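Notes follow once the structure below has been shown.
Any read-out appearing in this document is the output of simple, stated calculations on the displayed coordinates, not a laboratory observation. Values in this document were obtained by computation on a predicted structure and should not be read as measured data. Reconstructed Cβ throughout: ideal geometry from the backbone, glycine too, with neighbour counts over all protein chains shown.
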C-alpha cells in the first residue's frame, strides 16, 4: 500500500513538471536536503541545498528546455516510510529553445524520510545533454553555457 502511494505521488510530481510547474517538487523537500544533477561542468549540473537554488534551477531548466516532457518507464520503491528509496527510469523529450527535438534517457534517485525528499539525484545521459546544451548555445542561447546554479 505504501509503495503504491509513493508511486502515485512521484507520478503526480512528474506530471506537474511536464506542465511547467516545479512547485510540487520544491514543496516536497525536507528542511535539509540535496538536489543534485550529474555533472559539475554544465548549466544544469551541480548540487543545491536551498529552496531558492532549486527554484532558480527549475527556472533555468524551463528556459533551456521549455517543453520538457518525461515519460515514466518504471518506478521502484523500497524501504520503510522513514528511509524510502525511489528509483524512476524515464525517457525525456524536448525541443530546446531552437526547436530541434531531442530525446534523453535517465533516472531519478529519490530518498524520502516520512514523505519529505532528503536527496534527489538526477542522472541523465550527460553526453546527450552536453550535445543539446552546445547546440542551444550555438543557436544563441547563452544560458546553455552558464555556470551551474549552486547553493
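Of these, 112, 136, which one is touching a residue at least 24 places away in the same chain (Cβ under 8 Å), surrounded by 19 or more Cβ atoms within 10 Å (Cβ to Cβ), in contact with a helix residue (DSSP H, G or I) (Cβ under 9 Å, 6 or more places away or on another chain) and under 18 Å from residue 41 (Cα atoms)?
Working: 112 fails: under 18 Å from residue 41 (Cα atoms).
That would be 136, the only listed residue that is touching a residue at least 24 places away in the same chain (Cβ under 8 Å), surrounded by 19 or more Cβ atoms within 10 Å (Cβ to Cβ), in contact with a helix residue (DSSP H, G or I) (Cβ under 9 Å, 6 or more places away or on another chain) and under 18 Å from residue 41 (Cα atoms).
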### Residue check, residue 13 without any contact (Cβ under 8 Å) to a residue 60 or more places away in the chain and over 23 Å from residue 96 (Cα atoms)
no
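What is the residue count in segment 35-48 for residues that are surrounded by 15 or more Cβ atoms within 10 Å (Cβ to Cβ) and either free of Cβ contacts under 8 Å to residues at least 40 places away in the same chain or farther than 24 Å from residue 99 by Cα (or both)? Before you say what the answer is, go through the steps one by one.
First pass over segment 35-48, keeping only residues surrounded by 15 or more Cβ atoms within 10 Å (Cβ to Cβ): 35-39, 42-48.
If we keep only those that are either free of Cβ contacts under 8 Å to residues at least 40 places away in the same chain or farther than 24 Å from residue 99 by Cα (or both) too, we end up with 35-36, 38-39, 46-48.
Summing the residues that are surrounded by 15 or more Cβ atoms within 10 Å (Cβ to Cβ) and either free of Cβ contacts under 8 Å to residues at least 40 places away in the same chain or farther than 24 Å from residue 99 by Cα (or both) in segment 35-48 gives 7.
Just give me the residues in segment 16-29 being touching a residue at least 12 places away in the same chain (Cβ under 8 Å) and either loosely packed, with under 15 Cβ neighbours inside 10 Å or under 12 Å from the mean Cα position of the chain (by Cα) (or both), in sequence order. It would help to see each step written out before you state the result.
Filtering segment 16-29 for residues touching a residue at least 12 places away in the same chain (Cβ under 8 Å) gives 17-18, 20, 22, 24-26, 28-29.
Within segment 16-29, 17, 18, 20, 22, 25, 26 qualify.
Here's the yes/no breakdown for (1) within 28 Å of residue 4 (Cβ to Cβ); (2) within 12 Å of the chain's Cα centre (by Cα):
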{"position": "45", "(1), (2)": "no, yes"}
{"position": "71", "(1), (2)": "yes, no"}
{"position": "80", "(1), (2)": "yes, no"}
{"position": "90", "(1), (2)": "yes, yes"}
{"position": "103", "(1), (2)": "no, no"}
{"position": "116", "(1), (2)": "yes, no"}
{"position": "120", "(1), (2)": "yes, yes"}
### Message
For the list (1) over 16 Å from the mean Cα position of the chain (by Cα); (2) farther than 18 Å from residue 24 by Cβ; (3) surrounded by fewer than 17 Cβ atoms within 10 Å (Cβ to Cβ), I need the number of the one condition that residue 63 fails.
### Response
(1)
